[in-house]
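No value in this document is a laboratory result; all are computed from the given coordinates. Since the model is a prediction, treat every value here as computed from it, not as a measurement. Every residue, glycine among them, receives a Cβ derived from its backbone with ideal geometry; neighbour counts consider all protein chains shown.
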Amino acid sequence: MKVTSRSIVATLVASAIGTTASVVDLSGGHPAGVSGLQGMKDAQMANTTRTVRSLQTRDTRYTCDSAFIDFSKPDALSKFSVAWCPQNTYLTGTSVAMRLTPECGTTMIYPWDFKHGKMEARVRMAAGSGVVSTILLAGPEPADELDVEWTMYFAKGQRVDPNAWYFHTPGDVPQDMSATYHNYAIEVTQNTIKWWIDDWLVRTLNRVDGVPFPSDASRARMGVWDGSKQGGWAGTVDWSKGPFIAEMQWFKFTPYC
């Protein structure tokens, strides 16, 4: 089934507007060709009055230590850096909230890397046209990147697969993914990358000789940002309905060492 780009972001994980989900293979991929990491950067640059930490090149810090971070704990947020608008990232008592306001969104970064492993998080996506919730793994610039926005990937900063993939919600039951929490995961091994939603495997990417493979997507980021100026695919934010808030209850980081 082919649909317009607006239909994509009206459903599953990019901008949960509240319509139902369907199977989509969008020819040409993300219309703007913009990765989640680039979208975060663009949103930062659009608000130069804010103090931000860089999302740019950084040294890798590989670890073999697994971590489970429960955001009902008062020290949970100290295990992350907040790279953009820290006033929009805060603990609620049961989760960490990531808020988008007219001034800015926010970006959280887990400060450790794995070469191979699995990143998992239990997240309620933010609702609203133009509001983009992002969970991703990215490496140093030019970034390899794996997204739970459109479940597509970038190698050395360039989109590799021609299609932005979109799948039935878990159990093939249409759902508004902003209405409640769901478990999202990205698993990276030497020759395979897998995307999961609620323990349901939604996509597998296998290494193919001669095709760029995002083997250096190693550090977790998550956040929410304004996609209004990204070529129209995300829609336009109606600020009268804000603020827009995504929430994460827990985060799990499992290196395969």
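Inter-label distance, Thr236 to Val211: 3.8 nm, where each label sits 7 Å from its Cα along the C-beta direction.
Label zone (Tyr62, point 7 Å along Cα-to-C-beta; backbone nitrogen cut-off 20 Å) within segment 192-211: 192-194, 207. The 3J(HN,Hα) values that the Karplus relation (6.51, -1.76, 1.60; θ = phi - 60°) gives for segment 102-113 are, in residue order, x, 6, 5, x, 6, 9, 9, 10, 7, x, 10, 10 Hz. Gly and Pro appear as x.
Which links in Lys194/Lys229; Lys73/Lys229; Lys79/Lys194; Lys115/Lys229; Lys118/Lys241 stretch past 32 Å when you go from one Cα to the other? Violating the 32 Å limit, Cα to Cα: Lys73/Lys229; Lys115/Lys229; Lys118/Lys241.
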